[in-house]
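Okay, so here's the structure we're looking at.
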Amino acid sequence: MSRSPADRTQPKSYRRNKKGAKWSAGVAEWTRGGGTFSPPPSSRRTPFPKAKNPTPIAAMEAGGCDGGPMTYGQVEQLFNSFEGPTAQERIDCIVPFLVSLLPPPFVPVPDAAGDDSDDDRFSLTSSDSEDSDIGAADPAAFHPAALGDGQDHISRLPDALLSNIISRLATREAARTVVLSTRWRGVWAATPLLVDDAHLVDGPFDIPIVRSLSRCVAAHPGPVRAVRVTSVSFYAHEYALQRLVKDLADKGVQDLILLNRPWPLNMPLPDDILRCASLERLYLGVRQFPEITAPRLPVFDKLRELGLFHCVVSDEEVDALLAHCPKLEVFSIVMTYGGPSRLHIMSRSLRVAVDWNCMLDEVVVKDAPCLERLILNTIDETERRPVKIVCAPRLKLLGFLDLNLHTLEIGGVAIKAGINVRARAMVPSLKILAVIVQFACSQEAKMLPTLLKCFPHLETLHVLPIPSESPNSVHDLEFWESLGPCECLESHLKMLVVHGCLVQTNEIGFLQYIIREGKALKAVGLSPSPENKVAFDLVTAIFCESNAASDGGGSASVPLTKISGRWNFQNSIDMSLDDPFFVDDVQLPSF
């Protein structure tokens, strides 16, 4: 079974073979299956795809040519060395997945059936039209059903309210308001522009749209609030991209989503992106990040949310970004290429850090006094990845920590199964922990009680169990029966959530241990897949039996209910959610 905890329908896109050769063929399977990926149920690992020619892999064992991150040319060469789909086919099916992770559109995409955009005379790039006074002479020609008493009441609204109305329209419809009257023309000119290429394009490679995007921004007399580009390619239109980014910097863009729609990959990101000082949210996808040097440092004084999706960026550039974003609260890296090779978090403002399907050598929280969430959605690797927590006094949530793929270090102390946990190796602030564990593996199973001691004030424990082909091969119930209480179970743990089914003997032993020693336990949630109904009924019966046999000690009436996980990328960074691993606020019944 795959060990990836989030969204089992997402592609298992990459595998690491040797250091520097990091990519695989899993995405092609995801696309052919209509967006679903079903790994073998009994396998713990998915083999690295067979290479037609091992030369590219050997050539990239040390990363890029200069020891830095891989280049797009190297990535293409590596992808093409694998059997099966070409590099272009692999990337073409990755991009829709990346788009699905992005924040939702500013304005819903108009219904194509009801779109009247076939008026070829209308231009997004001009606010002054010879026909712009038509609506002033006869408003009934445009809105006969809204005449009422014959007065134009909407146009009498304050400018600020009219501007708010316009900002909620799709790009073309917003610009068309200039034909209503001279009053509306002035309001449009002062309205902060929202541009989404999804409102403008019928196909992913509509060349006129590329030009109209840059012209639209350049021609608008007012400010530019937000731009979202996810559907078109700037290939052979590099000047249009440069002009667009320059104008966005000059016009104070606050929200920018800029995804390169391959093919080809090697579209450089203009240097002017580094001087967009008004940005508050920035998402970049499938881009080569511009080199950050002393004369050309980023000026992201207002940036609060930054996402790098499938980008080529060096370790030093990531460090510089974090250092020059004094208000940054959310930082995420998703499906990165050969760089960054590690994530070192040093930020006085950061609250959320996300590693989503990346191939990092290590994640180190060096100095993050405000960090509350460290999200890890790790895919299978052949090398273990260190996760080190040096200074994070407010850390509340950690997960998913894979007990097979991750090694944990707290305060300079390597956390190993059965160690004597001292105060230096504890994180008292942590309230929510999510782990992936194979209970049949002795080392993984024995790490769980140790982790409960490292996080003494833990309130919610999420467990994603990995089944074993030999379910009763390791210590069965004896290990769990031999364990005694700890501060976490006696005083703080209120909720246990199992993302799957616990039906093997060693797994049931874990459940019985939590119920027996969990004096503060209030509820247990199970989120099995539909085909596991029998397993759910079995676990329910075991809990009922345990409760009936209880003599008043422990959690004699622990509620048990079905829940459904809601973990996805956007929920992971949504700070309005207390626990991003749930989908519904479930009222847990008592037995």
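Summary of computed values
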read-out	value
Qualifying residue in region 71-86 (condition: at pLDDT 70 or above, among the aliphatic types (A, V, I, L, M) and in contact with a Gly (Cβ under 8 Å, 6 or more places away or on another chain))	yes
Whichever residue in region 458-472 is of a type outside the set (S, T, N, Q) and over 17 Å from ILE515 (Cα atoms) and, among such residues, is surrounded by the fewest Cβ atoms within 10 Å (Cβ to Cβ)	GLU469
Residues of region 342-360 satisfying the condition of being of a type in the set (A, V, I, L, M) and either closer than 27 Å to VAL95 by Cα or not in a loop (DSSP other than H, G, I, E, B) (or both)	LEU343, ILE345, MET346, VAL352, ALA353, VAL354, MET359, LEU360
Residue that is surrounded by the fewest Cβ atoms within 10 Å (Cβ to Cβ) [pool: residues in region 241-278 that are touching a helix residue (DSSP H, G or I) at 6+ places or on another chain (Cβ under 6 Å) and touching a residue at least 60 places away in the same chain (Cβ under 8 Å)]	ASN266
Lone qualifier among THR182, THR171 - being among the polar types (S, T, N, Q), surrounded by fewer than 20 Cβ atoms within 10 Å (Cβ to Cβ) and at pLDDT 70 or above	THR182
Qualifying residue in region 236-247 (condition: more than 23 Å from THR71 (Cα to Cα) and modelled with pLDDT under 90)	yes
Residue count for region 370-400, restricted to those that are outside any strand (DSSP E or B) and at pLDDT below 95	7
Every residue from region 294-313 that is out of contact with any helix residue (DSSP H, G or I) (no Cβ under 9 Å at 6 or more places or on another chain) and of a type outside the set (A, V, I, L, M, F, W, C)	PRO295, ASP301, LYS302, ARG304, GLU305
GLY399, sole failed condition from (1) on the phi < 0 side of the Ramachandran plot; (2) touching a strand residue (DSSP E or B) at 6+ places or on another chain (Cβ under 8 Å); (3) crowded, with 21+ Cβ neighbours inside 10 Å; (4) touching a residue at least 24 places away in the same chain (Cβ under 8 Å)	(1)
Of the criteria (1) part of a loop (DSSP other than H, G, I, E, B); (2) closer than 20 Å to LEU308 by Cα, which one VAL363 fails	(1)
First in region 227-240 and in a loop (DSSP other than H, G, I, E, B), second anywhere and surrounded by 17 or more Cβ atoms within 10 Å (Cβ to Cβ) and not hydrophobic (A, V, I, L, M, F, W, C), Cβ under 6 Å, 6 or more apart	SER231/ASP197; VAL232/ASP197; VAL232/ARG261; SER233/ARG261
Subset of region 241-273 (residues that are closer than 25 Å to ILE94 by Cβ, in a helix (DSSP H, G or I) and touching a Ser or Thr at 6+ places or on another chain (Cβ under 8 Å))	LEU241, LEU244
Neighbours by Cβ (under 6 Å, 6+ apart or cross-chain): first from region 74-97, within 22 Å of LEU308 (Cβ to Cβ); second acidic (Asp, Glu)	ALA87/GLU76
Test: residue in region 468-477 that is more than 26 Å from VAL364 (Cβ to Cβ), among the hydrophobic types (A, V, I, L, M, F, W, C) and touching a residue at least 60 places away in the same chain (Cβ under 8 Å)	no
Which numbered condition PHE300 misses (of (1) part of a loop (DSSP other than H, G, I, E, B); (2) within 18 Å of the chain's Cα centre (by Cα); (3) crowded, with 23+ Cβ neighbours inside 10 Å)	(2)
Some residue of region 419-430 being touching a Gly at 6+ places or on another chain (Cβ under 9 Å), part of a strand (DSSP E or B) and either farther than 30 Å from HIS344 by Cβ or of a type in the set (A, V, I, L, M) (or both)	no
Close pairs (7 angstrom Cβ cut-off, 6 or more residues apart or separate chains): farther than 18 Å from PHE400 by Cβ and modelled with pLDDT of 85 or more in region 488-514, part of a loop (DSSP other than H, G, I, E, B) and aromatic (Phe, Trp, Tyr) anywhere	CYS488/PHE455
Sole exception among (1) among the polar types (S, T, N, Q); (2) in contact (Cβ under 8 Å) with a residue 40 or more places away in the chain; (3) touching a Cys at 6+ places or on another chain (Cβ under 9 Å) for SER341, by number	(3)
Unique match (being crowded, with 19+ Cβ neighbours inside 10 Å and in contact (Cβ under 8 Å) with a residue 24 or more places away in the chain) among PRO449, PRO428, PRO485	PRO449
Check on SER576, at pLDDT 85 or above, surrounded by 15 or more Cβ atoms within 10 Å (Cβ to Cβ) and hydroxyl-bearing (Ser, Thr, Tyr)	no
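One line per residue, one yes/no per condition, for (1) surrounded by fewer than 22 Cβ atoms within 10 Å (Cβ to Cβ); (2) among the hydrophobic types (A, V, I, L, M, F, W, C); (3) at pLDDT 95 or above:
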residue	(1), (2), (3)
PRO290	yes, no, no
LYS327	yes, no, yes
MET359	no, yes, no
ALA368	no, yes, yes
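The values are calculated or read from the model by the stated rules, or taken from the named source; none is laboratory data. Note that the structure is predicted; figures quoted are calculated from it, not measured. Note that each Cβ is placed from the backbone with ideal geometry, even for glycine, and that neighbours are counted across all protein chains shown.
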